[in-house]
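Report on the structure given below.
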Amino acid sequence: MKNKLIVVTGGAGFIGSHIAEELSEKNEVIVIDNLYTGNLENVPPNVKFIQADVRDYESIADLISQADYVFHEAALVSVVESVEKPLLAEEINVLGTLNILRALIEGHGKMIFASSAAVYGDNQNLPLKESEKPNPLSPYGVSKVSAEYYLKVFHELYGIPTVSLRYFNVFGPRQGYNQYAGVISIFINRALRNEPLVIYGDGKQTRDFIYIKDVVSANILAAESSRADGRVFNVARGEQTTILELALKIIDATNSKSSILFDKPRPGDIRHSLADVSEIRELGFEPKYSLEEGLLRTVEWYKKG
Ligand SMILES: NC(=O)c1ccc[n+]([C@@H]2O[C@H](COP(=O)([O-])OP(=O)(O)OC[C@H]3O[C@@H](n4cnc5c(N)ncnc54)[C@H](O)[C@@H]3O)[C@@H](O)[C@H]2O)c1
């Protein structure tokens, strides 16, 4: 992809900033973010930053209608916060998405949407195929399903090229590490301080982790492939790792003296998660980073910070 006008919403956040960084070498990239959870320091230097809210149609519509590609990463991202504030989750994640689609009716661009494995809920028919019936367990999950359907409907009604990418557990540099963040960023930061790693439950629960750079590649592939239009894809490695294995790998990668503590399982946590990645592989996706390689790179980054 080169010489395109690209808008990345949520580009001051973890995933959006990596997409912006990768594409900014050969394209004009503009980030839209209201800095709700994002940070200006994440925005790459050669990228233009506009502080705006995706809920406010007037402030984003002109720019969106000029874009060749819109990578829509802006969202209320915390499942817990969505339970506390379902209306806010709806406004940011559904109305915000709808605003971008409305603006694209006036424009010509393609939209690549950050959906989530949360749409599946606790479906244990693993590995999860995109054709499984959505069964979200939180307002966050409901908002992502709803946004996906809006993309599909706007594709069918107006011919807007749209793709929804259901990210599984993404990790890498710049991921936040508050209590609601990804388990990898929390474990790495505790391991670097030799603090105990706390596992909720027996540690045999599994997740399908994917390194940020592979998620960026999946986004670019989905953007460039017209065969992806109107469709939904899982974005994962298609490999299961137990949380206990993960904790041990992180202790190893950080050379840490951390112990591992087991606490009560958290209500609402799903037991196993694993994606079927055959659909996106068929588009040509091949993850390049093993869990170990991704962990080493992430550890190096947190050490520097
Ligand atoms: N990190 C993961 O493992 C994961 C998994 C599944 C899906 N996702 C999805 O990927 C996307 C990016 O997540 P992330 O992990 O980078 O989170 P993040 O919090 O780092 O990034 C989200 C960004 O959106 C911005 N934002 C929030 N509300 C906004 C609004 N109203 N207007 C404009 N900007 C707004 C925030 O300031 C932040 O910069 C989200 O849509 C999230 O739901 C992430």
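Here are some notes:
- Separation of the alpha carbons by more than 29 angstrom is noted, of Lys144/Lys303; Lys110/Lys288; Lys2/Lys213; Lys85/Lys249; Lys48/Lys304; Lys4/Lys129, for Lys144/Lys303; Lys85/Lys249; Lys4/Lys129.
- Three-way shape call for the chain based on the alpha-carbon gyration tensor, with the a/c threshold at 1.5: prolate
- Axial C-alpha extent at least 15 Å, average Kyte-Doolittle at least 1.0 - helices from the chain (DSSP): 243-254
- Between the alpha-carbon centres of region 183-216 and region 240-259 there is a gap of 8 Å.
- Approximate spin-label separation Asn39-Leu296, in nm, with each point projected 7 Å along Cα-to-Cβ: 2.5 nm
- Once the Cα-Cα distance is subtracted from the 0.36 nm per residue extended length, the Glu58 to Ile220 segment shows a gain of 55.6 nm.
- Each of the peptides 7-16, 54-63, 265-274 was scored by the mean count of other Cβ atoms within 10 Å over its residues; in descending order, highest first, they stand as 7-16, 54-63, 265-274.
We did not get these values from a lab; they are worked out from the coordinates using the rules stated. What you see is a predicted model, and the numbers here were worked out from it, not measured in a lab. Note: ideal-geometry Cβ built from the backbone for every residue, glycine included; neighbour counts use all protein chains shown.
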